[in-house]
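For reference, the structure discussed in these notes is given below.
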Amino acid sequence: MRNADLYSAWLAEHGIEGAPIPDESGLFDRGTLRCVLPFLLAYWRSDQDRVSVSPPWETKTWVERAEGWVRFLRADQMLDWIATLFPPDKEGKDFAAALKEALDVWLVPIDDPLVNRPGILDQRVEAIRVWLRDGRLTWSRRADWFPDELRRKRRGWTPSTRLKTSVPDLPAISLRAGRSTTVVRLSGAGGPQVGGRPPRGFPAGVTTRLEG
C-alpha cells in the first residue's frame, strides 16, 4: 500500500476535512510542483538541560543511535503522533496547523520523469529530524542536522545492507540521509535481518512497526 493511501485512509477514518489530499496517482500538488509522501526514517533528538530525552511517542519502538533515537514511520503513524498532541476532535485548528507544518517538510518534490515511475515513488524513504519545540513537533530534512554517524558506512547503514521484515507490499526502499543511501529489502518473515542475522541495535519492534 502506498504511503499516500495510508494518509488518506487515516484522514477519512478520523473525519478530517479540508486537509491536502493526494490525487489518484498518490501525488500532491504544491503550486507548480508535484510531490510524493515518502515513508520516513525518523531521527529524534530533543535536548533538555543538555540531556537528550527519549521520544514521547511509542518510546519502546525507537532505537538509540547517534546520541538520539531512530525508527521508521508510516503516514498513519505520523498522523497518530500529531493527534496525541492535538486531538482533531477537540483541537481541530491546532491539528490542522500542525499537519500543514509537517506536510511542508514531509512532501518531497519530484522531477517530471518520475511521475510515471510509481514503482520507485511508492518505495521512497526519506531521513527526517524531529523534535519538540514549544509543545509542537518540528520536522526537518536539513542534511546538516543529521549526525555524521547516520552517514558513515557501518553495519545496518551501508549501501550493501539488506534489512528484511514481513511487509510483502513494500519490496524495497531507499533511505537517504545526507550523502548516504541504504537500500532496504522489506520481504520475508522473522523480523529484520542483515546478512541472515538480526542487525545489532535493530530489534524487531522497530522495523516491524511498518507492518499493518
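Taking the criterion of being at pLDDT 95 or above and not in a helix (DSSP H, G or I), the residues of the range 1-15 that qualify are His14, Gly15.
Residues in the range 107-119 that are under 30 Å from Pro55 (Cα atoms) and among the hydrophobic types (A, V, I, L, M, F, W, C) were compared, and the one that is surrounded by the fewest Cβ atoms within 10 Å (Cβ to Cβ) is Val108. Residue selection: Glu67 satisfies the criterion of being at positive phi and of a type in the set (Asp, Glu). Considering only residues in the range 67-97 that are in contact with a strand residue (DSSP E or B) (Cβ under 9 Å, 6 or more places away or on another chain), assigned to a loop (DSSP other than H, G, I, E, B) and touching a residue at least 60 places away in the same chain (Cβ under 8 Å), the one that is farthest from Ala9 (Cα to Cα) turns out to be Glu67. Does Glu91 qualify as being surrounded by fewer than 16 Cβ atoms within 10 Å (Cβ to Cβ), acidic (Asp, Glu) and on the phi > 0 side of the Ramachandran plot? So Glu91 does not fit the description; no.
Counting only residues that are assigned to a loop (DSSP other than H, G, I, E, B), out of contact with any helix residue (DSSP H, G or I) (no Cβ under 8 Å at 6 or more places or on another chain) and without any contact (Cβ under 8 Å) to a residue 40 or more places away in the chain, the range 18-54 holds 7 of them. Tallying residues that are closer than 16 Å to Gly68 by Cα, touching a helix residue (DSSP H, G or I) at 6+ places or on another chain (Cβ under 9 Å) and not hydroxyl-bearing (Ser, Thr, Tyr) within the range 123-140 yields 7.
Conditions (1) assigned to a strand (DSSP E or B); (2) at pLDDT 85 or above; (3) of a type outside the set (Lys, Arg), marked per residue:
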| site | (1), (2), (3) |
| --- | --- |
| Glu64 | yes, yes, yes |
| Leu99 | no, yes, yes |
| Thr138 | yes, yes, yes |
| Glu149 | no, no, yes |
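For the range 64-80, which residues satisfy the criterion of being surrounded by fewer than 21 Cβ atoms within 10 Å (Cβ to Cβ) and closer than 18 Å to Asp148 by Cβ? Glu64, Arg65, Ala66, Glu67, listed by residue number.
Leu37 meets the conditions (1) buried (at least 19 other Cβ atoms within 10 Å of the Cβ); (2) more than 30 Å from Asp148 (Cβ to Cβ); (3) not β-branched (Val, Ile, Thr) in every case but one. The failed one is (2).
The values are calculated or read from the model by the stated rules, or taken from the named source; none is laboratory data. What you are looking at is a predicted structure, and each value in this text was computed from that prediction instead of being measured. Positions of Cβ are backbone-derived with ideal geometry, glycine not excepted, and every protein chain shown enters the neighbour counts.
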